[in-house]
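K.L.:
Quick one: this structure, given as structure tokens, is what I'll be asking you about.
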Amino acid sequence: MMKYRTVKLDGRWSYRKHFEYALLFGGRMSSSQGPIHFAEAQKWFFDTYGWSAEIRQWADIREYFGNVFRYVKPNPLPEMPECVNPYWSWTNGYDDLRIYVKSPQELMLFQLKYQVDQ
């Protein structure tokens, strides 16, 4: 079992325009073993959906591509870089460790592998 909390993102959360859920892991090594569980979850997402940049970099790159090509439309339009993975991103920039998840489908697939132990 893995210790984490699942949160449905609402108006209080940044990045809610892009992701529907966040998995929150404890930020310290204690009885919850947050950093270990976070690293295991992060590896699972890497293996399942591919690489994704940290959420602040992810958002900056996405915004840049949206702004640069807003008025000038080269043909063909460059694709978003692979590091802007549409299915997930992550951060360790808060008191907890987070993985942002696109939709219930990705969340359910993760939860099939890692049942939550509150």
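The values are calculated or read from the model by the stated rules, or taken from the named source; none is laboratory data. Note that this is a predicted model, so its numbers are computed, not measured. Please note: Cβ atoms are built from the backbone with ideal geometry, for glycine as well, and neighbour counts cover all protein chains shown.
K.L.:
What residue, of Val84, Val72, is at pLDDT below 95 and surrounded by 16 or more Cβ atoms within 10 Å (Cβ to Cβ)?
P.N.:
After ruling out the rest, the residue left standing is Val84.
K.L.:
Would you confirm, using the coordinates I've provided, whether Phe65 is modelled with pLDDT under 90, surrounded by 14 or more Cβ atoms within 10 Å (Cβ to Cβ) and either of a type in the set (Phe, Trp, Tyr) or under 13 Å from Arg98 (Cβ atoms) (or both)?
P.N.:
yes
K.L.:
If you don't mind, there's one more thing I want to ask. Quick one: is Asp10 surrounded by fewer than 13 Cβ atoms within 10 Å (Cβ to Cβ), in a helix (DSSP H, G or I) and free of Cβ contacts under 8 Å to residues at least 24 places away in the same chain? Explain how you work it out, then say what you get.
P.N.:
Values: surrounded by fewer than 13 Cβ atoms within 10 Å (Cβ to Cβ): yes; in a helix (DSSP H, G or I): no; free of Cβ contacts under 8 Å to residues at least 24 places away in the same chain: yes.
Considered against the rule, which asks whether it is surrounded by fewer than 13 Cβ atoms within 10 Å (Cβ to Cβ), in a helix (DSSP H, G or I) and free of Cβ contacts under 8 Å to residues at least 24 places away in the same chain, Asp10 comes out as no.
K.L.:
Restricting attention to segment 14-40, report how many residues are out of contact with any helix residue (DSSP H, G or I) (no Cβ under 7 Å at 6 or more places or on another chain) and of a type outside the set (Asp, Glu).
P.N.:
Adding up the residues that qualify gives 17.
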